[in-house]
Amino acid sequence: DTADLREKLVFLSSRLDLTEDELRGMIVSFPQVLGLSVENNLVPKMNFFLDPAPRGLGGDTSISSSDDCVHCRLKKNQLKELVLYQPALLAYSLDKRLKPRVRQLENANISFCYAPKNLMSFTDNKFAAWIENQTSTWSISESDR
């Protein structure tokens, strides 16, 4: 319905600071974004990609190692650039693709913001090969010291 469509457009535009032309371009290149639920899909993805806000003065600011606390820690302008480059990113499964891959990046000491923009679109095999290539070419072994 029209109200639902408007909610999605306003949400995307405001959360990513998109101009009308940027929003139009994103929808033209990936119209499926309009089929995503704001509450069940877009909000959780934005929370995942964006740097989490501090939890308040004196509160617990530690990050636990559970999958629920995996975040990309992007700034809004970085997420905007990433989504404009690859709008399909918003449709990928948070639990089956995005979180596990960001966890793998963290385990390899690779920051998501320095990874290729299209990394999440890689097949599982290509993603694993990319991780292996990064860790094997940048690692320092005990014999190198």
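The values are calculated or read from the model by the stated rules, or taken from the named source; none is laboratory data. Given the structure is predicted, the values throughout are model-derived calculations rather than measurements. In this analysis, Cβ positions are derived from the backbone assuming ideal geometry, glycine residues included, and neighbour counts consider all displayed protein chains. Ligands, DNA and RNA are excluded from the accessible area calculation, which covers all protein heavy atoms including side chains. Shrake-Rupley method; radii C 1.70, N 1.55, O 1.52, S 1.80 Å.
Here are some notes:
Okay, residues lined up against (1) at pLDDT below 75; (2) farther than 20 Å from K99 by Cβ:
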{"position": "E22", "(1), (2)": "no, yes"}
{"position": "P31", "(1), (2)": "no, yes"}
{"position": "L36", "(1), (2)": "no, no"}
{"position": "K45", "(1), (2)": "no, no"}
{"position": "L57", "(1), (2)": "yes, yes"}
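- Contact map, the range 92-104: first residue under 16 Å from K126 (Cα atoms), second residue of a type in the set (D, E) and surrounded by fewer than 16 Cβ atoms within 10 Å (Cβ to Cβ), Cβ cut-off under 8 Å, separation 6 or more or different chains; pairs are P100/D67.
- Residue within the range 1-19 that is surrounded by 12 or more Cβ atoms within 10 Å (Cβ to Cβ) and modelled with pLDDT under 80 present: no
- Remark: pairs (first residue in the range 21-41, farther than 13 Å from L9 by Cβ; second residue open to solvent by 40 Å² or more (accessible area, probe 1.4 Å) and at pLDDT 95 or above; Cβ separation under 7 Å; 6+ apart in sequence or on different chains) = Q32/A91.
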